[in-house]
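Following: one structure in structure tokens, then a few remarks.
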Amino acid sequence: MDFLIEKLYREKNLSDSELKTVIEGFGSPELLVKYADEVRQKYYGKKVYLRGLIEISSYCKNDCLYCGIRRSNNNAERYRLTREEIMSCCETGYELGFRTFVMQGGEDSYFTDDFMCSLITEIKQKYPDCAVTLSLGERSYKSYERLKNAGADRYLLRHETASPELYGKLHPKEMSFKNRVECLYNLRSLGYQVGAGFMVGVPFQTTEHIIEDLRFLQDLKPHMIGIGAFIPHHDTPFRNEKAGTLGLTLRLLGILRLMFPTALIPATTALGTLAPNGRELGLKTGCNVVMPNLSPVAVRKKYSLYDNKICTGEESAECRACLQRRIESAGYEISAERGDAII
Ligand code: SAH
């Protein structure tokens, strides 16, 4: 079935039935890795971009069935960072060479537009050479607009699944697939660099659902595509479900690189949680972004989306040094640039 991987490499697309064959593991992984790396090197050389991840809140009004910080998890320890703590993460991050700060959190109404706009303005004033990325879930068009005007450059909002039917099985009734998709298109039209993505191996997911995800991404054309294996959290309804596999995640990363040659594709923390060298394997299969944790060590364990999450005990400097070693051992190099998408 190597001819299908050849075809995907040449044409950046396949029919649904051909995609199904490749996703389900026909064709040699080595060939996919070889082409994925060739394509990433054509556009990005050996560069890997760093994003400093600041997990600003573990409060969340939503109740996603897979997520450890879901509202109804009474065992979750909740925290939110103060403005001073967030600024201090940025300061540490800047010294460590980060030129993108990603503020991510649960949907926490404490972080109003006024609060976020004034924070973003201060970060951009202090660090005009840095990009500000937000990952704060679903907000109104007006809110996204205000945050953009305050200086936010990018927004990460995984669509989670492009199948309304599967979306309904992973989320409570009050959450709407239609609204999530609308948010993504709103972000795009407001001029954000947008990141979308989905979980691999989430309960009830079939190959057909994954094909729907790929088609959705072809339509949205996001600048960044983040995928990661689903990993169960012991305090959620999915506690006894199986995790997604490293094999399928890597295969999909390779497919994504061939379908979206210029996309920014992170080697995620979930990949590193599945296997000690998961992120290195991701980098060799087309990934060109890593997101080291910049959150204060005291809160890291509390931002517990899934079990056994890595990098929860180290200082930011250690995290960065560890990732630098991993990136170099995989044969790539850290870029000191902001790392905007090249489309
Ligand atoms: N509230 C924000 C940030 C969510 S956390 C938002 O709605 O976008 C970031 C991502 O972690 C989610 O989009 C989801 O894809 C992933 N995630 C959550 N629970 C997970 C789990 N159990 N295993 C793997 N990934 C998970």
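The values are calculated or read from the model by the stated rules, or taken from the named source; none is laboratory data. For clarity, every value in this text was computed on a predicted model and none was experimentally measured. Cβ: placed from backbone, ideal geometry, glycine included. Neighbour counts: every protein chain shown. SASA here: full protein model, heavy atoms, side chains in, ligands and nucleic acids out. Shrake-Rupley method; radii C 1.70, N 1.55, O 1.52, S 1.80 Å.
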Unit charges at the beta carbon, dipole of region 276-328: most positive-side option, Val289, Tyr306, Ala321
Tyr306
Does region 222-337 classify as rounded, prolate or oblate by the C-alpha gyration tensor (a ≥ b ≥ c root eigenvalues; a/c under 1.5 gives rounded; else a/b over b/c gives prolate, otherwise oblate)?
oblate
When the accessible area of region 188-256 is split by element with a 1.4 Å probe, what percent falls to carbon and sulfur?
54 percent
Derived scalar couplings ³J(HN,Hα) [region 78-83; Karplus, 6.51 cos²θ - 1.76 cosθ + 1.60; whole Hz; x for Gly, Pro]:
9, 8, 9, 7, 7, 4
Starting from the exponent 0.38 and prefactor 2.2 Å, build the expected Rg for region 228-268 from its residue count and divide its actual Cα Rg by it.
1.46
Roughly what would the spin-label model give for Arg78 and Phe3, points 7 Å off Cα along C-beta, in nm?
5.9 nm
Given 10 Å bins starting at zero, what is the percent of C-alpha pairs of region 84-143 in each, up to the one with the largest pair distance?
20, 56, 23, 1
Please calculate how many Å² of accessible area region 55-206 carries per residue, with a 1.4 Å probe and no DNA, RNA or ligand atoms counted.
40 Å²
So for the chain, taking the charge dipole from beta-carbon charges (+1 Lys/Arg, -1 Asp/Glu), which of Ser335, Asn62, Leu274 sits furthest toward the positive end?
Ser335
Sort region 28-133 into rounded, prolate or oblate with this rule: let a ≥ b ≥ c be the square roots of the eigenvalues of the Cα gyration tensor; rounded if a/c is under 1.5, and if a/c is not under 1.5, prolate when a/b is larger than b/c, oblate otherwise.
oblate
The local net charge around Gly272, scoring Lys/Arg +1 and Asp/Glu -1 for residues other than Gly272 whose Cβ lies under 11 Å from its Cβ, equals +2
For region 166-282, rounded, prolate or oblate, judged on the Cα gyration tensor with a ≥ b ≥ c (square roots of eigenvalues), a/c < 1.5 rounded, else prolate if a/b > b/c?
oblate
With no solvent and one equal point scatterer placed on each C-alpha of the chain, evaluate the Debye formula and give log10 I(q)/I(0) for q = 0.08, 0.10, 0.13, 0.15 Å⁻¹, two decimals.
-0.34, -0.55, -0.98, -1.37
For region 27-94, what % of the accessible area comes from carbon and sulfur atoms, probe 1.4 Å?
50 percent
List, in order, the whole-Hz ³J(HN,Hα) value for each residue of region 121-135 obtained from phi through the Karplus relation with A = 6.51, B = -1.76, C = 1.60 and θ = phi - 60°; use x for Gly and Pro.
4, 5, 4, 5, 5, 6, 10, x, 8, 10, 8, 10, 10, 10, 8
For region 97-105, take each phi angle, set θ = phi - 60°, evaluate the Karplus expression 6.51 cos²θ - 1.76 cosθ + 1.60, and give the result in whole Hz per residue in order, putting x for glycine and proline.
x, 6, 10, 9, 10, 10, 9, 10, x
